[in-house]
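As structure tokens, the structure follows; a few thoughts come after it.
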Amino acid sequence: MNLSSDHLAIRTTCAYCGVGCGVQATPKGDGTATISGDTLHPANRGRLCVKGSALGETLGLEGRLLYPQVRGEDGLRRVSWDAALDQVAGQWRSIIAEHGPQAVALYVSGQLLTEDYYVANKLMKGYVGSANIDTNSRLCMSSAVAGYKRAFGEDLVPLCYDDLELADLVVLVGSNTAWCHPILFQRILKAKEQRPEMKLVVIDPRRTATCELADLHLPVKAGTDVWLFNGLLSYLARIGAMDPAFVEQHTNGLTAALETANIDCADPAAVARICRIDPALLLEFYELFAATAKTITAYSMGVNQSSAGTDKVNAIINCHLIGGRIGQPGMGPFSITGQPNAMGGREVGGLANMLAAHMDLENADHRDVVQTFWDAPVMADSGGLKAVDLFKAIEDGSIKAVWVIATNPVVSMPDADQVRRALSRCELVVASDIMQDTDTNAYADVLLPALGWGEKDGTVTNSERRISRQRAFLPAPGEALPDWKILSLFAQRMGYSGFDFRSAHGVFAEHARLSGFRNTSADVPRMFDISGLAGLNAREYDDLEPTQWPVRRLPSGQLEVEERLFVDRQFAHADGKARFVPTAARAPVNAVSEDFPLVLNTGRVRDQWHTMTRTGKAPTLADHTAESFVDIHPQDALLHGVREGELARISSEWGAMVARVQHGGGIPRGSVFIPIHWNNQTASDARVGALVNPEVDPVSGEPEFKHTPVRIEQFRVNWHGFILSRSSKALDSVAHWTRIQGRSFNRYELAGRNVIKDYSGWARTLLGVHDAEADWLEYEDRTAGVYRAVHIVDDRIEQCIFLSPRQDMPSRAWLASLFSKEVLSEIDRVGLLVGMPVEKGADAGPTVCSCFGVGRNTICQSIVEKDLKTVQEVTACLKAGGNCGSCVPEIKKILVQTRVEAAEEKL
Ligand code: SF4
């Protein structure tokens, strides 16, 4: 059923992380919708994190790409779909005719729906005859895929979310789950609340928000996970914490894996030294793992994004296999995917080294199954270029046409300046997107408008193999089309048959049929099988409830679903056994040096997603982390001459960027952390991808985002400042800027190198206030270099600018609150002139709880005034932390700090 119980809301799925939460969207009739959690969806049971809750704020059409456009000498011009697709097809045909099928490529995305992905993959591998289709999922989970395939024979996630609640020990490795998969983390915490004996261990070089609620945090040196898990394998074997019958009957390769592990990792003290952790902590973890049958090791980017990512995955799986900790409730190795449909992409073979329906390009039988099913004229017979190599091939000219779909590689790829160079040299760059202006679209020769979340229709698969419907609840804007349709129209122009799909349902039905085609033990058996869904009619497809695969239809007509795999101890290798994989530990490819003495780690912040093309539109999500930052240990900051709150330039062998220095408290010496989200649309110079080394895992091709040698130095400026304005500003003349979306205003954080002689004239020019009679309040202290001005129109604040030689300036939260007032009071005007709120409590402080908009100052004040002692008391008093819970670790920290400071004051 696609209607919720109130018969007004449409049931769909969140557009962001791989948790895949169910969403209820109630259209408001103005192109937006009210969003709530779907209580019937098994992933979230009604809860949403702040990103999911704010989906409604991202639905407006501002900035949308609505019509096909082609670049000419005068820039982009609007054309018809026929003209745009004819041009692309014509150029592809002539490039293929002259240079062969390897000269064209698709670069797609885990944001695509499975139906889009299926058509893209069929087009390239079965009709163009090239496997040069790769996806941004290469950047986040291809090591997990490769690890599963090596161990189990197929890309199979063994367990389900319910297992996280059944486990007695959950080990989170390289995963800031509290921020990146908040609803899953809340499920773990809830289970832990009900069963306090359940243990949570976090293995992460940083002390993240996730660690705040863990029983044990192992702050391992970046890149040493294989040593840690090889040491665990060795320890488990040594103390006899094994399941010999399981190992004997259901696995191969333990001896070789143990021999490899024992080379460097037989001595826990030596492992602790390499991992730079307290040996007692290491042993505590080893003992806990050995003593706990129901153990889940869940991992994400900290494991996958490494030049040894696949070995890290297999080192973890080895430790589960030796004790038979797999295939039973509450246990197993669990990769948690970053993107909403990375899993769907895996199912249709969206990676350059995969074929559709979990079959392999290199396997002739598999190729025969797919080619026969598709009745395809050709079939790629070897792996295509993986993301990093694909953009190298574009730069060297061997790929002459690339079509980028639903992703922003100029921001998200490693060595992102190389991607920029590659696209600027490419003969034909096509981009399908929902937004007009992105860093990547700036290089497109042809722009094609795609449907976005809320407009498109299809399926996604979450991290527990659960297929859910994403349903349209808004009309298609402009001339935007679904991606599967755009690709099908293109394929027809190329003269290919097999692309006469009429609906997403038609595509899904074909995908489901392929999964069951010749899928028998006597022919080409695969565990990926959704043939049970192949016969759904359009209505049944529309009504499809969230369903885990495998899903087969029994002779009785009932659907049979497996919530967890390997219950029967049968794996997908030909002999039915799982494989231990020897994992020789090795360091990250590039070591620190005198020139680049710090290790750069990259990742997400709590309230943003990818390159902010969607979340950047939501004011609710803008406040928690307004700017890009570089988190550094205070002693390293001192050593390298940078100061908290000021700007720093961070550079590597590959590129450079500017970010604000912060001491988050969780970063070890010798490292820095920078978020991945900011780009040229949101900041002058904050693309961290430009710095990241393009080293990749040799098996998976996943880049090493977590370990790039960098240096940091002061970014000298003469002044700091900010603007809040109801209109957008062009700030090219300013040395550094960041744009932040507010409610009915834009906020710009600025820093400049120019010497401002005439503050008033300069500020008026920048803000576009040329009318001498304008209501313009200003204050200037030339000696101190302090200036502020407020432009008022009809008693409402229109815009304001604050400048100072220091970065500690008035509260933006207080000023933002003035933009919601229809009339400024006298007391507001006084506050604006003195540069601070005059009324007590007017400044809520920086946002902590985005769900309820509760600021730090409000929380601190309540803790002191009402003597609040626990997070629960803070939540009861202010609601903060009472929705998605992702701010709970922060509230816990604030609680401790505030109470200590209050006690000190009294002493
Ligand atoms: S955890 Fe948050 S971002 Fe992830 S799917 Fe659920 S609501 Fe969306």
Subject >> DSSP-assigned coil residues among GluC sites (Glu not before Pro) in the stretch 52-98, each with at most 10 further Cβ atoms within 10 Å >> reply: E62, E73
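Placing +1 at every Lys and Arg Cβ and -1 at every Asp and Glu Cβ, with all other atoms neutral, what dipole size does the stretch 524-674 have around its Cα centre, in debye to the nearest 20? Don't skip to the answer; put the middle values down first.
Working: 17 positive and 20 negative charges, 58 e Å.
Result for the stretch 524-674 is approximately 280 debye, rounded to the nearest 20.
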Original post:
Which residues' amide hydrogens lie under 5 Å from the amide hydrogen of H736, considering only partners 5 or more residues apart or on another chain, with H built in the peptide plane?
Top reply: A751
Subject >> Separation of alpha-carbon centers, the stretch 322-392 and the stretch 522-569, rounded to whole Å >> reply: 18
**OP:** Indicate, rounded to the nearest 5 percent, the antiparallel portion of the DSSP beta bridges found entirely in the chain.
**Re:** 65
**OP:** Return the distance in nm (one decimal) between the two label points of a simple spin-label model at S497 and T34, each offset 7 Å from Cα along Cα→Cβ.
**Re:** 5.2
**OP:** Towards the positive end of the charge dipole of the chain, with charges on Cβ (+1 Lys, Arg; -1 Asp, Glu), say which of F745, V854, W403 has the farthest Cα.
**Re:** V854
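Full extension from E901 to L66: what is 0.36 nm times the residue separation minus their Cα-Cα distance, to one decimal in nm? Before the final figure, lay out the partial values.
Values: separation 835, 0.36 × 835 = 300.60 nm, distance 5.39 nm.
Stretched fully, the E901-L66 segment lengthens by 295.2 nm.
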Original post:
How big is the gap, in Å, between the Cα center of the stretch 451-519 and the Cα center of the stretch 682-758?
Top reply: 37
**OP:** Pop the C-beta distance of E287 and L639 into the FRET formula with R0 = 41 Å and round what comes out to the nearest 0.05.
**Re:** 0.65
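Let me know the charge dipole size of the stretch 714-806 about its Cα centre in debye, to the nearest 20, where only the beta-carbon of Lys, Arg (+1) and Asp, Glu (-1) is charged.
Values: 13 positive and 12 negative charges, 119 e Å.
The calculation lands at about 580 debye.
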Original post:
Beyond 17 Å, what share of the Cα-Cα pairs of the stretch 775-854 remains, rounded to the nearest whole percent?
Top reply: 47
Original post:
Using 7 Å Cα-to-Cβ label points, what is the R806/D542 separation (nm, one decimal)?
Top reply: 6.3
Original post:
the stretch 631-757: Rg/Rh from Cα coordinates, Kirkwood Rh?
Top reply: 1.01
**OP:** Please give the per residue volume of the convex hull enclosing the alpha carbon atoms of the stretch 337-394, rounded to a whole number of Å³.
**Re:** 98
Subject >> Added length on full extension, which subtracts the Cα-Cα distance from 0.36 nm per residue, L8 to D74 >> reply: 19.1 nm
Original post:
In whole Å and largest first, what semi-axes does the C-alpha gyration tensor of the chain yield when each eigenvalue is scaled by 5 and square-rooted?
Top reply: 43, 35, 27
**OP:** Place a +1 charge on the Cβ of each Lys and Arg in the chain and a -1 charge on the Cβ of each Asp and Glu, then give the dipole magnitude about the Cα centre in debye, rounded to the nearest 20.
**Re:** 560
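Just subtract the alpha-carbon distance of S398 and L559 from 0.36 nm times their residue separation and send over the number in nm, one decimal.
Length gained between S398 and L559: 53.2 nm.
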**OP:** Would you mind classifying the stretch 661-702 by shape? Square roots of the alpha carbon gyration tensor eigenvalues, ordered a ≥ b ≥ c; an a/c under 1.5 is rounded, otherwise it is prolate if a/b is larger than b/c and oblate if not.
**Re:** oblate
**OP:** Set the Förster distance to 51 Å, then compute FRET efficiency between A584 and E98 from the Cβ-Cβ distance, nearest 0.05.
**Re:** 0.70
Original post:
What is the stretch 273-430 by shape, rounded, prolate or oblate, if you read a ≥ b ≥ c off the alpha carbon gyration tensor as root eigenvalues and call it rounded for a/c under 1.5, prolate for a/b larger than b/c, and oblate otherwise?
Top reply: oblate
Original post:
V108's amide H: which non-local residues (gap 5+, or another chain) put their own amide H closer than 5 Å, with H modeled 1.01 Å from N in plane and none for Pro or chain starts?
Top reply: D134, T135, N136, I405
**OP:** Any of K51/K190; K149/K392; K51/K821; K221/K879; K190/K869; K51/K125 with alpha carbons more than 29 Å apart? Name them for me.
**Re:** K221/K879; K51/K125
Original post:
How far is it, in nm, from the label point at R276 to the one at D595 when both lie 7 Å from their Cα along the line to the Cβ?
Top reply: 2.2
Original post:
For the stretch 307-314, what does the Karplus curve 6.51 cos²θ - 1.76 cosθ + 1.60, with θ = phi - 60°, yield as ³J(HN,Hα) per residue in whole Hz, taken in order and with x for Gly and Pro?
Top reply: 6, 10, x, 5, 5, 4, 4, 6
Original post:
Quick one: if the Förster radius is 41 Å, what FRET efficiency do A730 and I827 give, using the C-beta to C-beta distance and rounding to 0.05?
Top reply: 0.75
**OP:** Order by neighbour count: S335, S684, S820, S556, fewest other Cβ atoms within 10 Å first, most last.
**Re:** S556, S820, S684, S335
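Throughout, read-outs are computed from the coordinates displayed, never taken from laboratory work. Keep in mind that what you see is a predicted model, and the values were worked out from it rather than measured. Note that we place each Cβ from the backbone using ideal geometry, even for glycine, and neighbour counts take in every protein chain shown.
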